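A quick write-up on the structure given underneath.
Values in this text are rule-based calculations from the coordinates and carry no lab data. Values in this document were obtained by computation on a predicted structure and should not be read as measured data. Glycine gets a Cβ as well: all are built from the backbone with ideal geometry, and neighbour counts include every protein chain shown.
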Amino acid sequence: MKKEILVIDDNADIRFLICNLLKDNGFSIRAAANYDQALYEIDKKLPDLAIVDIKLDKGDKDGIDLLKHLMKLNSQLPVLMISGHATVQLAVEAIRLGAYEFIEKPFSVEKILNYVKRAFETFELKDEKQNLEQKLFHSFDLIGNSGEIVKIQKLIEKLKNSESRILITGPTGSGKELVARKIHKNSQRANKPFIVLNAALLQPNKYEKELFGEEFDNGKISYGVLDRSNNGTLLLDEISEIPLEIQSHILRVLIDQKYRRVNGKDYNRANIRIIASSSKNLNEMIKLGEFREDLYHRLNVVPIELPSLVNRYEDIPLLIKYFKKKIAEINNLKEANIEPDNQLFYDYEWPGNIRELRNMIERVTILGSSESTENINKIIKDIMSKNENQISNQIDLEKTMSSSLKEARDSFEKNYLLAQLKRNSGNISKTADLIGMERSALHRKLKSLGIKGIN
């Protein structure tokens with residue numbers, strides 16, 4: 001089916017030019033010459049995209065009013081605003097209200113066509129992303145009958161009419177983002193944006209621009225997460241990773257309820273519900289001078305602490321049954337033959353918590369949905385063994401990264417020499433020849449590293 005575009009402009013020549021251009025490129029076109037005609041066409045049937053001139057007839061209503069009307073009907077509708085009297089302030093206002101792009105007259109036919117194609121591509125990608133998020137996040141529920149989970153479920157319900165800031169803490173993989181999404185979906189902002197800023201993934205020099213956005217001399221704007229989450233909810237995920245200097249900027253936003261983009265002159269109002277999360281102990285970080293205490297108290301209005309999976313083992317059968325069904329539905333597969341009372345699930349420590357359990361069930365569903373119980377158990381054991389090795393290697397890496405250069409070098413040399421000695425059955429001479437070292441020098445090195453019992 002052809003994409004339908006509504007062209008709204010009181011200049012007959014420009015309206016004719018745009019309509020013919022888009023018709024020639026395979027689009028279905030409707031047109032309106034003034035506000036009343038536009039309103040009639042919009043209310044008759046919402047188009048797939050609208051091109052709206054800001055200055056219409058000389059009535060009280062103009063293109064900005066039409067933009068507001070369109071956004072109320074469908075906030076995801078791509079709208080291109082055009083004007084021959086453009087100002088930076090007008091462009092910013094149009095974008096803030098939901099316009100996809102602001103185009104200044106005069107413009108070339110190639111330019112308007114490119115913007116139309118880009119708008120459709122962008123919103124198609126956005127639809128795909130939302131569908132994917134629906135599968136990955138929105139379709140999952142907070143499952144459990146354990147005391148702590150029931151308390152959190154009740155708290156989410158109590159927060160329905162609240163605008164309070166929330167701090168969610170808990171170990172990695174315990175479901176902090178899921179809880180944040182549930183709070184947003186249960187709030188009065190449910191139909192507004194939910195934006196996640198994962199602080200752990202940003203480079204230090206990227207924080208300010210990612211948060212506040214940036215304005216350029218040519219009038220272009222790079223929108224930050226504060227722009228994108230305005231009127232909605234912003235999750236500051238792993239807030240402990242945000243540098244102290246940027247923490248002070250966030251604190252200022254929370255106090256003043258406004259922000260200014262990098263290189264920007266004007267302040268923008270911040271109507272944003274802030275939810276923060278952390279897998280680190282922020283109180284300990286405050287004592288070490290690594291996190292601002294005043295920011296902590298501003299964020300920690302409603303604290304939610306998620307338990308690790310080992311502290312809610314009674315929820316494992318429910319979680320397994322739930323994830324088995326959901327993952328099979330999402331991947332259009334048969335439910336895997338996983339027994340919720342399998343002792344393997346209760347002997348394991350689950351270092352990755354709920355996320356690890358969900359990922360394991362997904363892998364088993366994909367790899368062995370038709371396998372016998374015996375083979376399923378082999379797959380589960382293999383996954384658990386690999387996960388434990390990865391966690392062990394990660395711990396070793398973290399220990400190395402927190403060591404001095406000498407300690408790290410000594411640790412590497414010790415492990416290397418032990419492996420070479422084992423390879424040569426403990427024979428010093430063979431090992432010395434293999435690694436290109438004098439036998440006496442190797443003896444001294446082994447002694448300095450505390451490697452004993454080698455002949």
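In order along the stretch 298-313, the Karplus-derived 3J(HN,Hα) couplings, from 6.51 cos²θ - 1.76 cosθ + 1.60 at θ = phi - 60°, round to 5, 7, 8, 6, 10, x, 10, 10, 8, x, 6, 5, 5, 9, 9, 4 Hz, and Gly and Pro are given as x. Cross-link check: pairs Lys185/Lys258; Lys55/Lys258; Lys61/Lys182 evaluated at a Cα-Cα cut-off of 32 Å; pairs beyond the cut-off: Lys61/Lys182.
Once you have a ≥ b ≥ c as the square roots of the Cα gyration tensor eigenvalues for the stretch 148-307, tell me rounded if a/c is under 1.5, and otherwise prolate or oblate according to whether a/b is larger than b/c. Here the stretch 148-307 falls in the oblate category. With the Cα gyration tensor of the stretch 4-130 giving a ≥ b ≥ c as the square roots of its eigenvalues, does the rule (a/c under 1.5 for rounded; else a/b larger than b/c for prolate; else oblate) give rounded, prolate or oblate? Cα axes put the stretch 4-130 in the rounded bin. Each residue of the stretch 68-81 is assigned a 3J(HN,Hα), and the resulting list reads 4, 5, 4, 5, 5, 6, 7, 5, 9, 5, x, 10, 9, 9 Hz, derived from the Karplus form 6.51 cos²θ - 1.76 cosθ + 1.60 (θ = phi - 60°), x at Gly and Pro.
Size check on the chain: the Cα extents along the three principal axes, sorted descending, read 98, 51, 48 Å.
The calculated P(r) of the stretch 156-204, using every Cα pair and 10 Å bins from 0, goes 22, 50, 24, 3 in percent. When each of the peptides 293-303, 173-183 is scored by the mean number of other C-beta atoms lying within 10 Å of its residues, the order from highest to lowest reads 173-183, 293-303. Scaling the Cα radius of gyration of the stretch 1-77 by the globular reference 2.2 N^0.38 Å produces a ratio of 1.03. Distance between the 7 Å Cα→Cβ label points at Glu148 and Lys55: 6.3 nm.
Positive-end ranking of Gly352, Met81, Tyr100 along the dipole of the chain, with charges on Cβ about the Cα centre, is headed by Gly352.
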